[in-house]
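The values are calculated or read from the model by the stated rules, or taken from the named source; none is laboratory data. Note that the structure is predicted; figures quoted are calculated from it, not measured. Note: ideal-geometry Cβ built from the backbone for every residue, glycine included; neighbour counts use all protein chains shown.
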There are 4 protein chains.
Amino acid sequence: MLIVMKADATEHQIKAVVRVIEDLGYKPHAMPGATRTAIGITGNQGSVDPSHFETLPGVAEAIRVSKPYKLITLDLRPEKTIVRVGDAAIGGDELTIIAGPCAIESRNQGFAVAEAVHRSGARFFRGGAFKPRTSPYAFQGLGEEGLRILAEIRDAYGLKIVTEALDEAGVDLVERYADVIQIGARSMQNFSLLRRVGRSALPVLLKRGLSATLDEWLLAAEYIMAEGNYQVVLCERGIRTFAQHTRNTLDLAAIPAVRRISHLPVIVDPSHGTGKNFMVTPLARAGVAVGADGLIVEVHDQPDHALSDGAQALTLEQYEQLVSEVRAIHEVIAPATVS
Amino acid sequence: MLIVMKADATEHQIKAVVRVIEDLGYKPHAMPGATRTAIGITGNQGSVDPSHFETLPGVAEAIRVSKPYKLITLDLRPEKTIVRVGDAAIGGDELTIIAGPCAIESRNQGFAVAEAVHRSGARFFRGGAFKPRTSPYAFQGLGEEGLRILAEIRDAYGLKIVTEALDEAGVDLVERYADVIQIGARSMQNFSLLRRVGRSALPVLLKRGLSATLDEWLLAAEYIMAEGNYQVVLCERGIRTFAQHTRNTLDLAAIPAVRRISHLPVIVDPSHGTGKNFMVTPLARAGVAVGADGLIVEVHDQPDHALSDGAQALTLEQYEQLVSEVRAIHEVIAPATVS
Amino acid sequence: MLIVMKADATEHQIKAVVRVIEDLGYKPHAMPGATRTAIGITGNQGSVDPSHFETLPGVAEAIRVSKPYKLITLDLRPEKTIVRVGDAAIGGDELTIIAGPCAIESRNQGFAVAEAVHRSGARFFRGGAFKPRTSPYAFQGLGEEGLRILAEIRDAYGLKIVTEALDEAGVDLVERYADVIQIGARSMQNFSLLRRVGRSALPVLLKRGLSATLDEWLLAAEYIMAEGNYQVVLCERGIRTFAQHTRNTLDLAAIPAVRRISHLPVIVDPSHGTGKNFMVTPLARAGVAVGADGLIVEVHDQPDHALSDGAQALTLEQYEQLVSEVRAIHEVIAPATVS
Amino acid sequence: MLIVMKADATEHQIKAVVRVIEDLGYKPHAMPGATRTAIGITGNQGSVDPSHFETLPGVAEAIRVSKPYKLITLDLRPEKTIVRVGDAAIGGDELTIIAGPCAIESRNQGFAVAEAVHRSGARFFRGGAFKPRTSPYAFQGLGEEGLRILAEIRDAYGLKIVTEALDEAGVDLVERYADVIQIGARSMQNFSLLRRVGRSALPVLLKRGLSATLDEWLLAAEYIMAEGNYQVVLCERGIRTFAQHTRNTLDLAAIPAVRRISHLPVIVDPSHGTGKNFMVTPLARAGVAVGADGLIVEVHDQPDHALSDGAQALTLEQYEQLVSEVRAIHEVIAPATVS
């Protein structure tokens, strides 16, 4: 924490701030400048609340310096985390591809897509059984019936199942049928849910919230890890901005930004990140080129008839093409991003 | 829904789109223009999914025309809803003031603030027992102990208690002790929670999410109402933008925007909406001037020692001043906003 | 400037940073903390460029502390600036109202609106002769012909003329015919234009850019003042956010934010700030209630036939009603905002 | 244009809207629906102003359907534009690399960087002589002296010179010394400047504004082309969002979005697009992978001593590494993006 005093702060006010810092058990470092004095604070465990200072007389600003996260940091764990899911992994040398329909709509649809996903060499299958929908009148997913279809797909193809839980009851069910619990963008700050999956034995795929800062996203992961579950995969899926040519603005700079601070693997969702079929493959290529550990993409055997998010789903042919393009890029950049 | 064809769409492609519309049971209206053809769709109940069309050959764009909400609309209920809470009300002629600390920290703190809130003539007391905190290491509220203090305050001062529930278990507790269930900004799209409070007998104060569009916010209210609870109060509390001089950007235009579409009452939170003590009173004045039904503000007897959000809490003196200023404005504009 | 070292920064790296600071002629203040060291910098005139430090080994972050503006600050001039325009003023006790059409379209239109503006007691008339239009094919204003009509209106009604200049040639013309030069949102960082009006004898109305931070806006004013023209009026006119229910999001918290830092008067534009006719009056009320020194509003005698921005222009009757409402609020809050 | 009537609009109001459409010389297409009527408009040349309709009684919304641009569209010119600069080109099969320092600071610095740029095989050299700076007190560039150094660099290395003009006087100078005129983000809607470069014989590199929508950006290009200069290159350089881990948020989805509408080449600026040295190379890889025609990157021989934007400049070694990485990706994806 750095307290910046106003230019006209009195000696008396500066001393009062110093005293408050000492009262809180911290160490003040006054730095008189040409026009104003700044006072550094050290000796704190964890972060200091700026509100202790912001309203004191003579204080212009209280600037937070240390970050409130620990477990997610490279300081704590300098080597990259590899999240293992049976014989598959996220965060290792291999590019992870998670593919499947937005929502499981029927056994036929699920298997038709799964067959193509399996054929592509991907190891993970995605498909929603519980869908968070903006409107209460929209299709909300098949529920447990959807999970059962997903479990059958696992048995048939050996694909690991990634599916979203919307609430604590949903986590109980997902744990029974799936391999990775997805926490969606709208739930990124559902702290009760984060704590619940923090006590799960399954890995967690944590999507970034629509308007989450990097710190908020990393602290959401910290919530999960603070409960003991260290198997967390971050997923950039686009943020909300003024731009209207996409559903969200895919923030690919978040990948190197996460890398710089955290040991957790991070993947990219070009489907929700753009919301437009014709943009998915270019942005998937970009996601791999920027250095992500993998992709999660929506594929549908009949996008025109999808019950949700059809506009962004790839056809099976488009998906096949995507896989071959991103694999080629991954091979080229693999040495570059190792460093 | 309006389907806009590309300039070079063939007659064949246009006919194919028309056929898809008919197959879905809707009525197509082709409108050939100078450079391109547009096709209107009518005959639908509820909204049409644009993804049925966006990927068809020759289609440039599918534009949604009808809105997916019903229960919240003035179309359904032309007169304004007045949410009654015992002998108090939100949405009527009187300006509603909900005041209290961010979090209940102790019996002493709660009563000190409540005494001032009561003295000001306000009818509602706010105070968090469950606090959604960005960091897992920050103070998370007193839990049920906090609710008990709130219930005591109700008994002592006759103030109606407004407090947040973060999850379904929390709703059970809040129902036991409080008068209005608050759904916070981070929970605005926690659909399980919305459905749960939709089955509650208590009114719901629904804060707008940090990056919620007007439609998403109104649809969150629709989720609650679709379960049978029509006692919903909307609350504008600032949105996330690039601006850094405030914690959030208070979007006061949301008040007339809501008024134009919905019969639900809408109030303003200038405390979270700015995050800065010195801005709360000016923005509270603005919120009343724009025509809101009320305010929810944070007050603390010792803001410098608050365990959360101290920087934005008003002192008891500042709060008293705020009440007198906003009441004066409310009197002046009351006739204007009746229309 | 505060340099925050990484947790694993070596003694050697810290010393190297200290040396760079000394080499630049500044004074370093090393503050070793529990987990990392921070180094304060004092002794600088003007702000220090963080890029000198951000890439040095062991540096985690360089945080700017002092602000780069001077002339706009209350530090420099503690009493509020009153911009005088003949016998009228902006920034004094009286609420300033600047009203008129978006664009001057004809002599008849100009006079019809001016008559109503004059009748309302407003002292300033706005009207564009040069219109910045997103499309090259849209109406671009009447040019000098428009300025001539404005000058006639001044002669006829004694109204002070506020009109926009888009480029340096336009400033020459505006100086010849008008009383206040408006710099539009799109030109807020047209630094050549700012320097040019900084050398003008006329006051300048400086609109905030669509995505300008508070600092960028104040520094744009600083550009003008650095050339010697101290007669600057700031104008909040809405920022670009994700919200789509308005054309822009009016950021009324900018008013108290400016007040805290600067002595310059600041007004609000509820017309561009919302882009919707039915929102202009409520937001005008809010702008006055928040403490602005005045308003600039668009009025048209026939909004349905306006050549630009008709959707947001008030009718003459609506304008009259607005004036009476905001005057009532101004009377009520005047004592409050004096403090 | 599509006019959506309110649910309770009367037959009379619908007829009145139809009449207004006919009066304007357009053709109305009324489409009565289950709950409301929509009225399509055809027969218009250019776009229709929604403000003609939005305030008519019974109208809920006026939705713009056709886009106001022409010259930039694939409708007009289906094959991609290749901008030729002497024997070099932008938009062809080869990946374009434009590299150099943010600002030309001295002859030595310019030549040191140019030598490395030339050695890398790039054909274009960038370097600012006129720098748009947020603060009036920051280094503003060497002016004509800088242009002279750039011209020497062209003579010495055969590199094509890309440099920014801030105003019309600057364009005169840039035309004398350089090969491509850059219009910076802050000038994207400086319409006088756009018209001026539209009359230039030199190609124009048009950066996207900080908060420009896709349409606004394309219309800025349309301004240039409408004056007769068809040699326009678009440049995505990041937009302003709430995210604070980068200086701007690089919106790579803009590349496929532009491709879908326009024949103009489009490149990416990962330096301004991130503002952080360690992110430039990953985002450059992503920019090429997404399908951009080229990159513009900042390189400095001594980034720690740069007079502007040092934090984002690459060292000569980093630049060399970037070139080899992006070339490898370009080779891999070239066939993919041809389609």
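Summary table
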item	result
Among the candidates C:Pro270, C:Pro265, residue that is more than 30 Å from A:His245 (Cβ to Cβ) and modelled with pLDDT of 95 or more	C:Pro265
Close pairs (6 angstrom Cβ cut-off, 6 or more residues apart or separate chains): within 11 Å of chain D (Cβ to nearest Cβ) and under 20 Å from D:Val280 (Cβ atoms) in the stretch A:318-339, at pLDDT below 95 and in a helix (DSSP H, G or I) anywhere	A:Ile329/D:Val332; A:Val332/D:Val332
Selected residue [among the small types (Gly, Ala, Ser), crowded, with 16+ Cβ neighbours inside 10 Å and within 30 Å of B:Leu314 (Cβ to Cβ)] from B:Gly100, B:Gly40, B:Gly33, B:Gly58	B:Gly100
Count of the stretch D:166-195 residues which are closer than 19 Å to D:Cys235 by Cα and in contact with an Asp or Glu (Cβ under 6 Å, 6 or more places away or on another chain)	3
Candidate set from the stretch C:227-276 (those that are part of a loop (DSSP other than H, G, I, E, B) and among the polar types (S, T, N, Q)); member that is surrounded by the most Cβ atoms within 10 Å (Cβ to Cβ)	C:Thr241
Number of positions in the stretch C:119-137 that are of a type in the set (Phe, Trp, Tyr) and either part of a loop (DSSP other than H, G, I, E, B) or not assigned by TED's automatic domain parsing to the domain that holds C:Ala151 (or both)	2
The stretch C:227-248: number of residues that are away from chain B (no Cβ under 12 Å), more than 19 Å from C:Gly92 (Cβ to Cβ) and touching a strand residue (DSSP E or B) at 6+ places or on another chain (Cβ under 6 Å)	1
Looking only at the stretch B:193-213, and only at residues there that are among the hydrophobic types (A, V, I, L, M, F, W, C) and more than 21 Å from A:Gln189 (Cβ to Cβ), the one that is surrounded by the fewest Cβ atoms within 10 Å (Cβ to Cβ)	B:Ala201
Filtered residues of the stretch D:1-27 (kept if more than 30 Å from B:Leu76 (Cβ to Cβ) and in contact (Cβ under 8 Å) with a residue 12 or more places away in the chain)	D:Leu24, D:Gly25, D:Tyr26, D:Lys27
Any hit, the stretch D:219-238, residues being in contact with an Asp or Glu (Cβ under 8 Å, 6 or more places away or on another chain), over 20 Å from D:Thr73 (Cα atoms) and in contact (Cβ under 8 Å) with a residue 24 or more places away in the chain	yes
Subset of the stretch D:249-260 [in contact with a strand residue (DSSP E or B) (Cβ under 6 Å, 6 or more places away or on another chain) and more than 8 Å from chain A (Cβ to nearest Cβ)]	D:Val258
Among the residues listed as B:Glu164, B:Glu168, the single one being within 13 Å of chain A (Cβ to nearest Cβ), in contact with a strand residue (DSSP E or B) (Cβ under 8 Å, 6 or more places away or on another chain) and touching a residue at least 24 places away in the same chain (Cβ under 8 Å)	B:Glu164
Odd one out for C:Ser51, checked against (1) closer than 24 Å to C:His12 by Cα; (2) surrounded by fewer than 19 Cβ atoms within 10 Å (Cβ to Cβ)	(2)
Some residue of the stretch A:30-44 being at positive phi and either touching a strand residue (DSSP E or B) at 6+ places or on another chain (Cβ under 6 Å) or not small (Gly, Ala, Ser) (or both)	yes
Test: D:Ile296 is more than 27 Å from A:Ala328 (Cα to Cα), assigned by TED's automatic domain parsing to the domain that holds D:Leu194, out of contact with any Pro (no Cβ under 7 Å at 6 or more places or on another chain) and at pLDDT 95 or above	no
Failed item in (1) farther than 23 Å from D:Val268 by Cα; (2) surrounded by fewer than 22 Cβ atoms within 10 Å (Cβ to Cβ); (3) not aromatic (Phe, Trp, Tyr), with A:Ala334 passing the rest	(1)
Residue within the stretch C:13-27 that is part of a strand (DSSP E or B), touching a strand residue (DSSP E or B) at 6+ places or on another chain (Cβ under 6 Å), surrounded by 21 or more Cβ atoms within 10 Å (Cβ to Cβ) and not β-branched (Val, Ile, Thr) present	no
Residue within the stretch B:284-299 that is within 23 Å of A:Thr134 (Cβ to Cβ), more than 10 Å from every other protein chain (Cβ to nearest Cβ) and touching a Lys or Arg at 6+ places or on another chain (Cβ under 7 Å) present	no
Failed item in (1) more than 7 Å from every other protein chain (Cβ to nearest Cβ); (2) at negative phi, with D:Gly58 passing the rest	(2)
Residue satisfying condition, being in contact with a helix residue (DSSP H, G or I) (Cβ under 6 Å, 6 or more places away or on another chain), among the acidic types (Asp, Glu) and outside any loop (DSSP other than H, G, I, E, B), within set C:Glu325, C:Glu320, C:Glu331	C:Glu325
Count of residues meeting criterion [without any contact (Cβ under 8 Å) to a residue 40 or more places away in the chain and either of a type in the set (Gly, Ala, Ser) or outside any helix (DSSP H, G or I) (or both)] in the stretch D:184-193	4
Selection status of B:Gly184, in contact with a Pro (Cβ under 7 Å, 6 or more places away or on another chain) and crowded, with 24+ Cβ neighbours inside 10 Å	no
Pairs with Cβ under 6 Å, 6+ apart, first in the stretch D:112-128 and without any contact (Cβ under 8 Å) to a residue 60 or more places away in the chain, second among the hydroxyl-bearing types (Ser, Thr, Tyr) and surrounded by fewer than 24 Cβ atoms within 10 Å (Cβ to Cβ)	D:Ala114/D:Tyr157; D:His118/D:Tyr157
Candidates B:Asp309, B:Asp301 - the one that is surrounded by fewer than 24 Cβ atoms within 10 Å (Cβ to Cβ), in contact with a Cys (Cβ under 8 Å, 6 or more places away or on another chain) and either farther than 27 Å from B:Leu74 by Cα or in the same structural domain as B:Ser200 (by TED's automatic domain parsing) (or both)	B:Asp309
Residue tally, condition in a loop (DSSP other than H, G, I, E, B), facing chain C (nearest Cβ under 9 Å) and touching a strand residue (DSSP E or B) at 6+ places or on another chain (Cβ under 7 Å), over the stretch D:206-226	2
Residue within the stretch D:265-280 that is over 22 Å from A:Ala292 (Cα atoms), touching a residue at least 60 places away in the same chain (Cβ under 8 Å), more than 7 Å from chain A (Cβ to nearest Cβ) and more than 12 Å from the chain's Cα centre (by Cα) present	no
